[in-house]
Amino acid sequence: MARFLIRRLTFALVLLVCTSSAALFLTRLAPGDVTSQLGAFAPRAEVEAARTRFGLDRNPVVQWGQWISRAVRLDFGDSFLYNRPVGPIVVEAAGKTALLAASALVVSTLLGLGLGVFTGSRRAGWLSACVRGASVMFISVPPLLMSLILVFIAARTRWLPTGGMLSATTVDASWTESLADVAWHLVLPTLALALPIAAAFERLQSQSMSEAVRQPFLLAAIARGVERRELVWRHAWPVSIRPICGVYGLVIGSLLSGSFIVEYITAWPGIGRLMYEALRARDIYLVSACAAAGAGFLAFGTLLGDVLLAVADPRVREDIEA
Amino acid sequence: MSRPTPRITGVLVTLSMLALVFLFVRGCPSQDTNAGTATTTGRRGGQLVASARGTPRTFNRLVAGDQPSDTFAMLTQGPLVRMNRATFQLEPWLAEKWESSPDGLTHTLHLRRGSLWSDGTPFTSADVLFTLQAMYDPKVESVVASGVMPGGKPIQATAPDAQTVVLAYAQPSGSGIGLLDAVPILPKHKLEGALKDGTFAKAWNTGTAPSEIVGMGPFVLREFKPGERLVFDRNPNYWRTAPDGQKLPYLDRLVLQFIPEQNAELLALQAGTTDLTQSELRPDDYVPVRRAEEEGKLTLIEGGVGPDADALWFCLDPEQKKGDRRLAFVQKREFRQAISHAVDREEFAHTVFLGEAVPIWGPITPGNKPWFSPNVPRYPYDLAKARDLLKSIGLEDRNGNGVVETADGVEARFTVMTQRGIAYYERGVSVIREQAAKIGIAFEAAPMEYPSMIERLLKCQYEAVYMRPYFSTLDPAGNLDFWLSSGSTHFWHMAQETPATEWEGRIDSIMREQATTVDAARRRELFNDAQRTLAENVPVLYFAAPRLYFAHSRRTMGVVPSVMRPPLLWNADSLSVSGP
């Protein structure tokens with residue numbers, strides 16, 4: 001197991017270096033640079049000073065070499081947009097994205113698996129058909145549209161805040177009030193992210209469950225007079241969960257990519273919105289650091305997926321140990 | 001070309017003479033001793049929430065010129081004199097009065113007595129001297145300095161006493177002490193150490209503790225959460241008072257909530273989460289916002305015609321366009337005049353800005369009230385005249401394909417670069433393309449990302465471009481980079497060593513005189529001449545200037561919109577709310 005973990009951590013490190021380096025090169029080689037943020041006709045001296053400060057006057061390979069040598073000392077460069085080191089900015093934003101992603105993951109898992117077990121363990125019925133129809137609809141709606149629809153509903157009904165992470169009224173609030181306010185603001189972006197994933201989980205779980213309930217060992221259990229609830233949750237569900245565990249890691253990665261537009265529309269101050277702003281501005285070191293954070297999320301997600309798979313399936317556990 | 005009638009000229013001369021006599025007797029006083037008192041009465045207390053689409057890059061305005069940093073400085077700092085964004089008059093601010101010598105070279109400013117920094121430290125002339133020293137320090141690389149160097153040299157400042165500052169200019173400036181509007185005065189007791197040890201450029205970055213940010217503005221920073229919000233509390237030591245004698249600002253707290261996406265920003269306003277947006281509405285938002293106003297959700301106000309307008313121009317730099325045979329006719333003013341005649345400005349305003357715009361023929365719009373001249377040459381919609389102009393320079397549709405060409409077959413076909421994602425830019429290019437096609441000029445739109453567009457723009461790697469260039473100030477003396485052929489914002493042919501054309505040389509000498517003339521009437525006369533010359537030669541084509549509309553919650557009071565930025569927060573000390 002230790003060897004497996006070391007292997008995965010090495011893979012994560014390589015992924016981090018490759019992704020952030022590729023982001024740096026691509027941002028550097030794309031037309032235009034961060035000095036465009038100074039305005040279309042900023043004084044030449046100001047533009048040149050900014051180019052020198054951000055290493056844009058050097059060869060891209062030289063710039064990368066200097067950046068990577070600083071990065072090993074955990075100095076990832078300065079952000080042009082925020083005029084300060086990118087490290088603390090990205091760490092803070094990553095924490096907020098992790099909160100949103102975790103919340104979306106919990107909601108999508110509970111909703112998707114619960115409904116999937118329900119629809120997969122029954123042959124027919126209008127309720128199952130409704131759930132299936134809703135799933136197909138939510139899978140088809142991209143996160144951009146889902147966010148816009150939810151923000152529009154929130155603005156019209158005033159049931160939920162339309163954006164941000166904290167209300168303007170919480171400046172002097174106690175930590176419990178602030179926590180409640182964050183939770184209140186979390187609902188809308190969580191739904192925007194979670195609904196399409198929950199729909200995908202529901203479809204996967206449903207299909208897998210309907211196959212599981214047809215297995216001979218379940219027929220034997222039925223013959224032994226096992227109750228339906230126990231049959232579904234104790235015998236069929238552990239068998240049917242494997243496909244979900246297999247895609248769980250990828251889903252965590254996709255939560256990040258999905259969060260780009262959701263965070264932007266709902267003004268959630270996470271890594272997705274930060275990277276979107278950084279990319280638009282060609283804020284080179286901020287883009288690289290955000291890409292590294294994204295790769296970190298992906299590596300963590302796949303590791304978590306593998307661990308869950310190992311927990312759910314003894315055969316996988318044996319493979320890892322072997 | 002029209003010139004002022006003898007009667008108007010006579011009035012101008014009389015006014016000029018009266019102004020000269022006045023200057024001779026009094027020096028050059030322009031102070032309004034009532035600037036320390038707001039003109040409207042509001043309700044004390046409460047919190048106002050404004051949305052913002054960007055975060056400040058720094059809390060030190062001397063080292064960054066982005067709009068959020070400028071707004072931050074306006075809320076927390078104060079200049080010696082202030083340009084009133086609604087009346088365009090210069091007002092005493094931290095300097096309560098001043099005298100200027102008749103030659104415009106020496107200005108003596110008397111600082112407001114008894115004023116305190118937000119931390120309670122007395123404000124003195126040492127702070128002014130320190131700010132100027134920091135601004136001109138080459139290590140600081142201040143973005144403000146280049147605009148505050150009359151005659152290209154730093155202002156020499158001395159302080160005879162703690163309340164007086166004497167400024168010596170190397171050359172008279174047409175803007176006089178109006179130049180100082182752009183310079184927020186910084187506290188010596190907080191930043192002297194950073195200047196001495198060479199870290200001033202990094203001082204007061206956005207990671208600085210709010211308690212370290214001290215100012216003379218109406219608010220003090222309470223909290224900054226990057227990507228989330230800026231929270232300001234009222235400055236208890238702010239020096240301005242309301243008409244009823246109570247101290248300003250009215251608000252106890254101001255919150256800038258960051259909402260980067262403009263649709264979400266508008267929805268937040270409609271939902272009552274925010275009280276105002278900081279930027280003007282897009283033309284596409286007029287209808288829904290009017291509907292929301294009718295439903296009693298918010299208030300829509302007109303700020304007047306904007307001082308900046310969308311423009312179309314060609315790269316006229318012969319060095320960059322070597323080998324491009326189209327340059328031969330693009331450089332001829334008849335070609336550009338023909339396009340100007342071919343565009344129906346009324347229809348342009350109707351289609352691009354949904355009717356909320358006025359036709360214009362030059363860079364100075366009616367929104368720039370102090371400097372707008374209605375007497376620039378106009379190009380009425382006249383397709384026959386446009387075709388004649390093209391014919392006069394040898395451009396005709398010889399092969400019948402609908403596009404005019406020269407005798408040797410060079411077609412008038414161009415790609416127009418514009419910024420992707422801005423609906424009214426794309427509509428503007430579309431209207432120009434359709435209307436220019438009627439006289440045989442073919443345009444194709446090429447929308448692109450902003451950084452890519454700017455890179456091409458600065459290298460002159462484009463054929464034509466359509467975008468909205470912004471003037472930094474309304475005073476033309478502050479925009480010499482646009483008017484002078486050597487300027488970096490003389491965008492059709494930037495940074496010329498010597499003027500490429502006779503008329504650019506003429507504008508150079510007019511504007512150099514205009515920028516160093518102290519007499520207001522003479523400055524205006526000279527600037528009218530420069531506008532006329534530019535409009536005759538149309539290096540840049542202007543079609544319509546939009547009217548600016550803003551929206552705010554119904555509980556917000558004291559809003560005085562300005563066409564200058566920031567349009568609603570420029571008088572934040574006089575804003576108030578009708579409820580908590």
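The values are calculated or read from the model by the stated rules, or taken from the named source; none is laboratory data. Nothing here was measured: the structure is a model prediction, and the numbers come from that model. Cβ sites come from the backbone with ideal geometry, for glycine too, and all protein chains shown count toward neighbours.
Among the residues of the stretch B:506-521, none qualifies, meaning not one is of a type in the set (Lys, Arg) and surrounded by 18 or more Cβ atoms within 10 Å (Cβ to Cβ). Sub-6 Å Cβ pairs linking a first residue in the stretch A:93-106 that is surrounded by fewer than 24 Cβ atoms within 10 Å (Cβ to Cβ) to a second residue that is part of a helix (DSSP H, G or I), at least 6 apart or interchain, are A:94/A:271; A:94/A:293; A:103/A:186; A:103/A:190, ordered by first then second residue. Exactly one residue out of B:72, B:88, B:130 is surrounded by fewer than 19 Cβ atoms within 10 Å (Cβ to Cβ) and either assigned to a strand (DSSP E or B) or touching a residue at least 40 places away in the same chain (Cβ under 8 Å) (or both), and it is B:88.
Taking the criterion of being within 14 Å of another protein chain (Cβ to nearest Cβ), in a helix (DSSP H, G or I) and hydrophobic (A, V, I, L, M, F, W, C), the residues of the stretch B:467-525 that qualify are B:480, B:482, B:483.
For residue A:79, the stated conditions hold: it is closer than 21 Å to residue A:22 by Cβ, of a type outside the set (Val, Ile, Thr) and surrounded by 18 or more Cβ atoms within 10 Å (Cβ to Cβ).
Among the residues of the stretch B:280-295, are any within 14 Å of chain A (Cβ to nearest Cβ), in a loop (DSSP other than H, G, I, E, B) and surrounded by fewer than 19 Cβ atoms within 10 Å (Cβ to Cβ)? Yes, the stretch B:280-295 has at least one match. Within the stretch B:364-375, if we keep just the residues that are in contact with a Phe, Trp or Tyr (Cβ under 7 Å, 6 or more places away or on another chain) and modelled with pLDDT under 95, the residue that is farthest from residue B:548 (Cα to Cα) turns out to be B:370. For residues in the stretch B:36-56 being surrounded by fewer than 23 Cβ atoms within 10 Å (Cβ to Cβ) and within 26 Å of residue A:274 (Cβ to Cβ), which is farthest from the other protein chains (Cβ to nearest Cβ)? Among them, the one singled out is B:53.
May I ask you to list the residues in the stretch A:155-210 that are farther than 22 Å from residue A:106 by Cα, in contact with a Ser or Thr (Cβ under 7 Å, 6 or more places away or on another chain) and of a type in the set (Asp, Glu)? Selection gives A:177 alone. Considering (1) over 30 Å from residue B:290 (Cα atoms); (2) hydroxyl-bearing (Ser, Thr, Tyr); (3) modelled with pLDDT of 95 or more, the lone condition that residue B:452 does not fulfil carries the number (3). Summed over the stretch B:526-575, residues that are of a type in the set (Ser, Thr, Tyr) and assigned to a loop (DSSP other than H, G, I, E, B) total 1. Scan the stretch A:6-29 and give yes if some residue there is within 11 Å of chain B (Cβ to nearest Cβ), at negative phi and not in a helix (DSSP H, G or I), otherwise no. Looking for residues that are within 11 Å of chain B (Cβ to nearest Cβ), at negative phi and not in a helix (DSSP H, G or I), one finds none in the stretch A:6-29, hence no.
Of the residues making up the stretch B:462-494, those that are buried (at least 20 other Cβ atoms within 10 Å of the Cβ), over 28 Å from residue B:430 (Cβ atoms), touching a residue at least 60 places away in the same chain (Cβ under 8 Å) and out of contact with any Ser or Thr (no Cβ under 7 Å at 6 or more places or on another chain) are B:474, B:476.
When the stretch A:30-59 is filtered for residues that are part of a loop (DSSP other than H, G, I, E, B) and at the interface with chain B (Cβ under 7 Å from one of its Cβ atoms), the ones remaining, listed by number, are A:31, A:32, A:33, A:40, A:41, A:43. When the residues of the stretch B:234-265 are filtered to those that are within 9 Å of another protein chain (Cβ to nearest Cβ) and outside any loop (DSSP other than H, G, I, E, B), the one that is nearest to residue B:574 (Cα to Cα) is B:253.
Elements of the type helices (runs of 4 or more DSSP H) sitting completely within the stretch A:207-281 and holding at least 2 residues that are in contact with a helix residue (DSSP H, G or I) (Cβ under 6 Å, 6 or more places away or on another chain) and within 14 Å of chain B (Cβ to nearest Cβ): these cover A:242-265, A:271-281. If the condition is being aliphatic (A, V, I, L, M) and facing chain A (nearest Cβ under 10 Å), then the stretch B:194-233 contributes B:201, B:231. Of the helices (runs of 4 or more DSSP H) lying entirely inside the stretch B:298-395, the ones with 2 or more residues being surrounded by fewer than 16 Cβ atoms within 10 Å (Cβ to Cβ) are found at B:345-352, B:383-392.
Does residue B:551 satisfy the condition of being over 30 Å from residue B:93 (Cβ atoms) and of a type in the set (A, V, I, L, M, F, W, C)? So residue B:551 does not fit the description; no. Restricting to the stretch B:422-461, and then to whatever is within 14 Å of chain A (Cβ to nearest Cβ), hydrophobic (A, V, I, L, M, F, W, C) and within 26 Å of the chain's Cα centre (by Cα), can you tell me which residue is surrounded by the fewest Cβ atoms within 10 Å (Cβ to Cβ)? Here the residue is B:422. Going by what's in this entry, would residue A:91 be described as over 24 Å from the mean Cα position of the chain (by Cα) and β-branched (Val, Ile, Thr)? Taking the combined requirement at face value, the residue does not satisfy it. Within the set B:239, B:204, the sole residue that is in contact (Cβ under 8 Å) with a residue 40 or more places away in the chain and on the phi > 0 side of the Ramachandran plot turns out to be B:204. Just need a number here: residues in the stretch A:70-90 that are in contact (Cβ under 8 Å) with a residue 40 or more places away in the chain and part of a helix (DSSP H, G or I). Looking only at that region, the number is 5. Taking the criterion of being exposed (fewer than 14 other Cβ atoms within 10 Å of the Cβ) and more than 10 Å from every other protein chain (Cβ to nearest Cβ), the residues of the stretch A:160-183 that qualify are A:174, A:175, A:176, A:177, A:179, A:180, A:183.
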